[in-house]
1. With respect to Glu98, determine if the residue is crowded, with 22+ Cβ neighbours inside 10 Å, closer than 19 Å to Asp163 by Cα, modelled with pLDDT of 95 or more and in contact with a His (Cβ under 6 Å, 6 or more places away or on another chain).
2. Applying the selection to region 6-32, what residues are among the acidic types (Asp, Glu) and in contact with a helix residue (DSSP H, G or I) (Cβ under 6 Å, 6 or more places away or on another chain)?
3. Would you mind finding the one in Asn43, Asn39 that is under 30 Å from Gly133 (Cβ atoms), of a type in the set (S, T, N, Q) and surrounded by fewer than 19 Cβ atoms within 10 Å (Cβ to Cβ)?
4. Could you check, for region 6-29, whether at least one of its residues is part of a loop (DSSP other than H, G, I, E, B), farther than 25 Å from Asp103 by Cβ and basic (Lys, Arg)?
5. Just the residues that are in contact (Cβ under 8 Å) with a residue 60 or more places away in the chain, under 19 Å from Asp257 (Cα atoms) and of a type in the set (D, E, K, R), please, taken from region 225-242.
6. Within region 145-174, track down each residue that is surrounded by fewer than 19 Cβ atoms within 10 Å (Cβ to Cβ) and either assigned to a loop (DSSP other than H, G, I, E, B) or among the polar types (S, T, N, Q) (or both).
7. Identify, by number, the condition in (1) at pLDDT 95 or above; (2) of a type in the set (S, T, N, Q); (3) over 13 Å from Phe6 (Cα atoms) that Ser65 doesn't meet.
8. Kindly evaluate Ala182 against the criterion of being touching a Leu at 6+ places or on another chain (Cβ under 9 Å), of a type outside the set (D, E, K, R) and either at pLDDT 85 or above or under 19 Å from Ala22 (Cα atoms) (or both).
Amino acid sequence: MKVTGFSFIKNAVKFQYPVQEALHSILPLCDEVVVAVGNSDDNTREIVAGIDNRIKIIDTVWDESLKRGGSVLAEETGKAFKAIDDDTDWCIYIQGDEVMHEDGYAEITEAMHKWKDDKNVDGLLFRYRHFYGSYDYIGTSSKWYRNEIRVIKNNKSIYSYRDAQGFRKGNNEKLRVKPLNAYIHHYGWVRQPEAMQAKDNNFGRYWHGDEWGEQAKKTFTGAFDYTHVDALEKFTGTHPKVMQQRIAQMNWKFDYDLSYNNLKLKDRFKNSLEKLTGKRFFDYRNYIIV
């Protein structure tokens, strides 16, 4: 069984992406990893190239005309996926602000062996923890997706969907997946506050266009205001081992009053149902569990 990882990244240093940790977190499961490195303003390419000799870099130029709905992220994901060799069985996807927890390695490996030749299974579904403000808090509202596909078969009819959060295949079909009790930690909202604001100003234009980006530069300057959040809870688990050094070097302070809760009525209802049943109802699902 051959396993290839794939990812994309641009300006990882400038916007404080934990790309080294992201790639290190999937390398133990991979024979090689393809990374589409965009035209950066920093030394992102050198950093990626120096991580491991199993990493294969695809140099890319981001299409600046794709500035709606995050579609450029899906295009960059597709460039990396298409560069994977045909003899690969499974493909592990990781984004530059995501880190796979090593606690799930054994289950992931077992699932890849078990479902490799099952044509009814397109991929594997992971559980998510979304960190916000610091490494101590996770989001609890419905805007944070609970699950997403991060391992797929090497089927080139599969493509990155919308803003690269998930995947579809063929004529807009949802992938058929097996759920795992394995976690991806999403650290996209944990950065030094000035870097978070700069990243938000820059990447917002890939969802809303240049007009938004220019307005953001005038309106939102300095440090990002992390207090504008609906509800968080304290994280009591463990972070992936590859994150330990980055966490120890955190140089800003973020505290959150857990008594503050600005959840909408629908989220309060969802959370109550989840506590009663252990299941999360009404969430967006870009996949079919089989």
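1. It is true that Glu98 is crowded, with 22+ Cβ neighbours inside 10 Å, closer than 19 Å to Asp163 by Cα, modelled with pLDDT of 95 or more and in contact with a His (Cβ under 6 Å, 6 or more places away or on another chain).
2. Glu21
3. None of the others qualify; the one that does is Asn43.
4. Yes, region 6-29 has at least one match.
5. Asp230, Glu233, Lys234
6. The answer is Tyr145, Arg146, Asn154, Asn155, Lys156, Ser157, Arg162, Asp163, Gln165, Gly170, Asn171, Asn172.
7. Of the numbered conditions (1) at pLDDT 95 or above; (2) of a type in the set (S, T, N, Q); (3) over 13 Å from Phe6 (Cα atoms), the odd one out for Ser65 is (1).
8. The answer is yes for Ala182.
The values are calculated or read from the model by the stated rules, or taken from the named source; none is laboratory data. Quick caveat, the model's predicted, so the values are computed rather than measured. Positions of Cβ are generated from backbone atoms using ideal geometry, with glycine treated the same way; all protein chains shown enter the neighbour counts.
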